[in-house]
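Here's the structure, in structure tokens; my notes come after.
The values are calculated or read from the model by the stated rules, or taken from the named source; none is laboratory data. Keep in mind that this is a model prediction, so the values were computed, not measured. Cβ placement follows ideal geometry from the backbone for every residue including glycine, while neighbour counts extend to all protein chains displayed.
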Amino acid sequence: MSKRLVSFDDQATGTGLPAPVEATLNATYAPVEGVLDPAGRPLASLVAVRDLPRVVFDLDADDVAGANGSPVSVWPDRSGNGRYFFQATAAKRPTVNTVGRRTVRFGADSFMVRPDLGNGGLAEPAGYAQPNTYFMLVKFEPKSNASARILFSGSTPLNGRNNCYLDAVSQAGDFEAGENSWPNSGAPLDDGQWHVVTAVFGGTFAAWYVDGFLVTVRPSATGTTGVEPMKSTSLGAGTTGALPINGAEIAKFVMCNAVLPPEQILNVTKRIAADKGVTIAAPSTQGTPTYVADTDSGGQGIRYWLPQQVKPTGNTLVIWSHQSGGDQSITPSAFQYPLIHAAANEGWIVAASQMHDNNWGSAAALTDLTNLHTYINSRWGVSKVILVGASMGGLATALAIPNGAVPNIRGCIGIDAAFSLSNMFANSAYTAAIRTAYGIATDDSDYAAKTAGHDPILRPASDFGSVPWRFYVGDGDTTVPPANHGDAMSAKVLATAGESTVVRHAYAHLSGVAIQVSDVVAFIKRCIA
């Protein structure tokens, strides 16, 4: 059986990662039992020091001594670099767990440290300057406490170096590197399941992956991620005891003083999970989606992203309908970009239109959807369509079904989406924009006539047929309250839709956790199967 090594020289990633990337191994070895490297190690398993560039340390729970429940004073470094972590204070030590798989269990104030990491001592640089990439296999028990949790941190928690922690409510990732944290992103992780989380500090950007899915990218130019080097490091609660882990287990933690491209991150993620017997819902691939900007037949600006292998016919098209104040110009740092990234990597075309800006589901918006579909379909035949609407975009998404704006709709997704036009009109923040979109008189005397048929929540359920729906709503959303929108629309279509499910998060309107990428991808796959 042959072995394949893939070089990532000068690879562009489409997520802001710098290029060229130094020579790295993709390490996509055929997972054949008994195939070994010259050192006698299985090629199918991840050996960080062999398969990854510039490994700083590799902590694996299989190397931790002790019976179940015994305290852990030292966590050895299997990379051979000798950068083990320790805890001298007995009361602060985590414990060994041997139930299911061997792990290190952290409590509310337990942590381990490497205080001289990057402090310029023997064989240590004066800080590990970015880029740095971290992999961790971790499990948080459901709603284990009400405090935020640090996965790891350099120097002190909060405004320290290269901090990566999980928020109390969403358990989604935040990064810090000498600056303030940036918004939470990704699906909640406090689900009692194992996840491979990856943090990338790229110097000019930071990225967060969960189970191989990109969930957030942030440029350091915004001042939200910082460019501090990694130095003395705490794993767990932190040296100050702030932002503690509680009810968490860690099975693997690796640091590389390099940036890894998305395809290699996905490969490493899968191998870590396989080595530990963990099943994850990973993406199919991690390519380099790029966009094309153009204008449709109606003069509206459009942007679309193609998969690596677009088909001449039979494509799935995912159409994004934007929020109020949004447009088609979606950048990698935008909250919706991870969905675009994932969809293109699943082989689907993604497209967005300017849609007459603040359209509020008007006839012009529906025409824009038609024109966008026509544009894509005329170049690459489309056989299945998924509609995704965020906030204001929920109106056009829903109305496209009864109005026949787009053919072959196989599923609809609402992201903190509006479905009651009257409720949004009653919100003074949007009244004027809705008047403009529909040409409503200033005294609102013709509101009913001008908006007739354009309020999804007032239409009968039969108008929406059997199209499956997925609603992502925030219980902290006061802009588009779920009771008036997502929850109400889900209840309306439940009797006729092939699927009508509400997925909740605790945050405010269009927060980073609004799009739970892996769940969205799974839903789309069901719709187009």
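Below are the figures for this structure:
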| item | result |
| --- | --- |
| Some residue of region 379-396 being modelled with pLDDT of 95 or more, of a type outside the set (Lys, Arg), within 23 Å of Gly453 (Cβ to Cβ) and surrounded by fewer than 24 Cβ atoms within 10 Å (Cβ to Cβ) | no |
| Criterion (of a type in the set (S, T, N, Q) and touching a Leu at 6+ places or on another chain (Cβ under 7 Å)) met by exactly one of Thr442, Thr431, Thr436, Thr451 | Thr451 |
| Residue match in region 248-257 (condition: part of a loop (DSSP other than H, G, I, E, B) and either surrounded by fewer than 22 Cβ atoms within 10 Å (Cβ to Cβ) or not assigned by TED's automatic domain parsing to the domain that holds Val310 (or both)) | yes |
| Helices (runs of 4 or more DSSP H) contained in region 419-460 and holding at least 3 residues assigned by TED's automatic domain parsing to the domain that holds Pro402 and surrounded by fewer than 18 Cβ atoms within 10 Å (Cβ to Cβ) | 428-438, 447-451 |
| Given (1) touching a residue at least 40 places away in the same chain (Cβ under 8 Å); (2) over 21 Å from Met355 (Cβ atoms), number of the condition Tyr447 does not satisfy | (1) |
| Filter pass, Val493 being surrounded by 15 or more Cβ atoms within 10 Å (Cβ to Cβ) and under 27 Å from the mean Cα position of the chain (by Cα) | no |
| Within region 59-141, strands (runs of 3 or more DSSP E) holding 2 or more residues that are at pLDDT 90 or above and either of a type outside the set (A, V, I, L, M) or surrounded by fewer than 18 Cβ atoms within 10 Å (Cβ to Cβ) (or both) | 95-97, 103-106, 132-140 |
| Residues satisfying the stated conditions in region 500-529, i.e. without any contact (Cβ under 8 Å) to a residue 40 or more places away in the chain and either assigned to a helix (DSSP H, G or I) or not basic (Lys, Arg) (or both) | Ser500, Thr501, Val502, Val503, Ala508, Ala529 |
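A quick yes/no check of all residues on (1) surrounded by 23 or more Cβ atoms within 10 Å (Cβ to Cβ); (2) touching a helix residue (DSSP H, G or I) at 6+ places or on another chain (Cβ under 7 Å); (3) in the same structural domain as Gly411 (by TED's automatic domain parsing); (4) at pLDDT below 95:
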{"position": "Val268", "(1), (2), (3), (4)": "yes, no, no, no"}
{"position": "Pro312", "(1), (2), (3), (4)": "no, no, yes, yes"}
{"position": "Leu317", "(1), (2), (3), (4)": "yes, yes, yes, no"}
{"position": "His322", "(1), (2), (3), (4)": "yes, yes, yes, no"}
{"position": "Gly325", "(1), (2), (3), (4)": "no, no, yes, no"}
{"position": "Phe335", "(1), (2), (3), (4)": "no, yes, yes, yes"}
{"position": "Ala352", "(1), (2), (3), (4)": "yes, no, yes, no"}
{"position": "Asn359", "(1), (2), (3), (4)": "yes, yes, yes, no"}
